[in-house]
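Structure first, commentary second.
Where a number appears in this text, it was derived from the coordinates with a stated rule and is not lab data. Keep in mind that what you see is a predicted model, and the values were worked out from it rather than measured. Note that each Cβ is placed from the backbone with ideal geometry, even for glycine, and that neighbours are counted across all protein chains shown.
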Amino acid sequence: MQELNGEKTSKAKKERIPMPEQPAEERRKNFNEVALGYTKEDALAEASRCLSCKEPKCVEGCPVNVDIPGFIKLICEEDFSGAIEKIKGTNALPAICGRVCPQETQCEALCVLGKKGQSVAIGRLERFCADYEHQQGVKVPEIPELTGKKVAVVGSGPAGLTAAADLVKMGHKVTVFESLHKAGGVLSYGIPEFRLPKEIVRQEVKYIKQLGVEFKLNYIIGRIKTLDELCDEFDAVFMGTGAGLPSFMGIPGENFNGVYSANEFLTRVNLMKAYDPEYDTRVRLGKHVVVVGGGNVAMDAARSALRLGAEEVSIVYRRGEEEMPARREEIEHAKEEGITFRLLTNPVRILGDEKFNATAVECIKMELGEPDKSGRRSPVPVEGSEFTIPADVVVIAIGTSPNPMIFKGSEGLDQNKKGTVVADEETGATSKCGVFAGGDVVTGAATVISAMGAGKKAAKAIDEYLKEQ
Amino acid sequence: MAYKILKKEEIAPSVHRMVIDAPDVAKAAKAGQFIILRIDEKGERIPLTIADFDKEKGTVTIIFQEMGKTTKQLAKFSAGEFLEDFVGPLGTPADVRKLGTVILVGGGIGVAPLYPQAKAYSKVGNKVISIIGARNKDLLILEEEMKDASSELYIATDDGSKGHHGFVTNIMKQILDSGEKVARVVIIGPPIMMKVGAGVASPYDVEILVSLNSIMVDGTGMCGGCRVTVDGKTRFTCVDGPEFDARKVDFVQLMNRLAMYRGEEAKAAEKYEEECRCGLH
């Protein structure tokens, strides 16, 4: 009997505890969170799978080096407060990371268990701890004595929030400047409610405020003040301004009504809550929606359009599914919800009616040729394969680049050809003295966690820089 | 954040002037720029041009006409009350330089953004000929202010109730025909008026600028909703504009894009008015 149990346990241990989710049929009609979160029992069972490796590989895979075996051990001991404290030692935004980090390519990808079976569900456990803390009431750590140094953080997205939290904990006075009316950057305007509830973002921002960080909203650097002026007023500046400028395809018909950048579509839906009739902001509700692109933003836009009531939503992507930059989980979720994937397909023009409304997207079939610079096989059009897809709403989700506004009045700040800021990978130091940068403004559009990692490294470098002053 | 309304007055039927306490915006504001405001948490972000600013007092003046739900709601606010959000200055400032003689043409509510430009062009030593118009004399705004800020002021009304009986562009044409050397014409008003005005001025050897008021969300280049075709290229009104070379603007596209939410807007305004009648607001 005992043996049988043992066998059962060992088999169970190979497979991770599934995440409770809203069924696809239900969730495609609402904006509530898809993943419901582990129960205490789920978390304990999943945590017990961790082997507590002496030399944990998972930590190396984490851009902010969370002590993963450490916090999982505390979960096993049912010390959830201890676990969240352990996480927060290095990660100021665990409720967010637990939800939107691509763990499968980071910590979980290096988990030893993953070699033969399924890796430990680290992200789900992180989220469990963060949500547990929110239920219990968040503890605010004591802040060391003030150093007398002032740091300006431009942008309140993941990079800025992380840098601000770390810098204030080091005793510096931190002011965050945000151009929108809400803090959070892409966490507020970009990632949808069903993936990252805005209440979570609000709580995490509140925590950073409680640490003593001052937020100046509706404050545009590049318009109200220049970067140069900030340099005069503050001892150091961190730029976490992201990649906010949407790219368009440059094809005919792109300015027809009903054609949106993913930024606009998602901002209307997420930040301005256009899905809620109580709110004044509108978004065109499409019957047939085409989303162009293969990243997480494309998945977010497609799934949002579905929830707004579209009859059919297609993702049009010029390469194959293998090449899609979106997280596997997002692609699976989108498929489950009934999004049509039109792969190896590229739009060539958008058609419209006499009232200037988009009616269809003309596409061409593609085939994969030789690998390009990024290592992905580059798609080439198949001659004569044009066809049209009806579409009254088209969302262009093919990427973004840094907003050039910030560079007005930023003497001596070097940029790359693509408009990104040149910054040291380890420190975030830029060519401009006292100015550090990190996140999408340096890398171009990437992930929340890589921006956080950059914010963290820059905070450390800024602290060292200030000590030398 | 909250921004206090210091003064509010109805300067023409359904046209209101508000002075807002917004020192950061006032300090940085320049002629030709705009702001975006949001009334409350559930409100939409609407762009409004800056009609005046006082850097010392830290105030920004806006002028708006009751059109949709938000402007109708805004009209109900009084001095002493607060707006949830007020962000700016947005847009590239008007290219104000000493050029010689400049004609400023404003129609309807478009006279509001013209006023800071009139002051700015005069200040740097231009001869400023302003032409302002409206459907009738009651709807004419900022007559005194424009008179003070300009070297010459002409008035036109569609119904002839004041000044020239006809369009502002008729007067503009007369001046251009008079042989006076004019370096630049700036036209601000409803898109159709700017289109017609640009057409009238085009044959003359004169620079023509218009200031566009596209639909936008953030006003910082992030959404691209305000895109407009200028010289065959897509530009963003919020950051590349709002001022553009009138000869190169695709006005038909602009007007079509402005109509994008017209149906929904009308419904929302109607619903709001109905609720007002029922005493809900």
Q: Return the subset of B:30/B:119; A:225/B:119; B:119/B:181 for which the Cα-Cα distance in this structure is over 19 Å, preserving the input order.
A: A:225/B:119; B:119/B:181
**Q.** Over the protein assembly as shown: Kirkwood hydrodynamic radius from C-alpha pairwise inverse distances, Å
**A.** 27.9
**Q.** In the range A:376-467, the GluC sites (Glu not before Pro) that fall in loop regions by DSSP, at most 11 other Cβ within 10 Å
**A.** A:383, A:411, A:425, A:426
Q: Using the number of other C-beta atoms within 10 angstrom as an exposure proxy, rank A:332, A:41 with the fewest first.
A: A:41, A:332
Q) Rg(Cα) of chain B divided by 2.2 N^0.38 Å? A) 0.97
Q) For the protein assembly as shown, with only Lys/Arg (+1) and Asp/Glu (-1) charged at the beta-carbon, what is the dipole magnitude about the Cα centre, in debye rounded to 20? A) 480
(Q) Output the 0 to 90 degree angle, nearest 10, between the alpha-carbon long axis of helix B:191-201 and the longest principal axis computed from the alpha carbons of chain B. (A) 10
Q: At 0.36 nm per residue, minus the direct Cα-Cα distance, what do residue B:151 and residue B:180 gain on full extension? Give it in nm, one decimal, please.
A: 9.0 nm
Q) Between residue A:54 and residue B:55, what is the FRET efficiency for a Förster distance of 56 Å, r being their Cβ-Cβ separation, to the nearest 0.05? A) 0.30
Q.
Suppose we keep just the DSSP beta bridges with both residues in the protein assembly as shown; what percent of those would be antiparallel, to 5?
A. 50
Q) Which one of A:361, B:83, A:190 has its Cα pushed farthest toward the positive end of the charge dipole of the protein assembly as shown, where Lys and Arg give +1 and Asp and Glu give -1 at the Cβ? A) A:361
Q. Which of the listed residues, A:404, B:15, A:301, is farthest toward the dipole's positive end in the protein assembly as shown, when Lys, Arg count +1 and Asp, Glu count -1 at the beta-carbon?
A. A:404
Q: Output ³J(HN,Hα) for the range A:259-274: one whole-Hz value per residue in order, computed from phi by the Karplus curve 6.51 cos²θ - 1.76 cosθ + 1.60 with θ = phi - 60°, and x for Gly and Pro.
A: 9, 10, 6, 4, 4, 5, 4, 6, 5, 4, 6, 7, 5, 9, 6, 5
Q.
Counting other beta carbons within 10 Å of each residue's own, what order do B:165, B:16, A:333 fall into, fewest first?
A. B:165, B:16, A:333
Q) If Lys and Arg each add +1 and Asp and Glu each add -1, what is the summed charge of the other residues whose beta carbon sits under 9 Å from the beta carbon of residue A:216? A) -3
Q | 0 to 90° range, to nearest 10: angle between helix B:262-277 axis and chain B longest Cα axis | A | 50
**Q.** Proximal charge balance of residue B:182 [Cβ under 11 Å; K/R count +1, D/E count -1]
**A.** -1
Q. What is the sum of charges around residue A:429, taking Lys and Arg as +1, Asp and Glu as -1, for the other residues whose C-beta is under 15 Å from the C-beta of residue A:429?
A. -3
Q. With a 10 Å Cβ neighbour count serving as the proxy for reagent exposure, in which order, fewest first, do A:256, B:82, B:53 appear?
A. B:82, A:256, B:53
Q: Determine by what factor the alpha-carbon radius of gyration of the range B:80-163 differs from 2.2 N^0.38 Å, reporting the quotient.
A: 1.23
**Q.** Cα-centred dipole magnitude for the range A:1-120, charges only on beta-carbon of K, R (+1) and D, E (-1), debye, nearest 20
**A.** 280
Q.
Need one word for the range A:234-370: rounded, prolate or oblate. Basis is the Cα gyration tensor (sqrt eigenvalues a ≥ b ≥ c); a/c below 1.5 gives rounded, then a/b vs b/c decides.
A. rounded
Q. Residue separation times 0.36 nm, minus the C-alpha to C-alpha distance between residue A:374 and residue A:24: what's the value?
A. 122.6 nm
Q) Which value, in Å to one decimal place, does the Kirkwood hydrodynamic radius take for the range A:36-192 when every pair of different Cα atoms is included? A) 16.7
**Q.** Debye, to nearest 20: dipole size of the range A:151-270, +1 on Lys, Arg Cβ, -1 on Asp, Glu Cβ
**A.** 420
Q: Can you tell me the FRET efficiency between residue B:27 and residue A:285 if r is taken as the Cβ-Cβ distance and R0 is 41 Å, rounded to the nearest 0.05?
A: 0.50
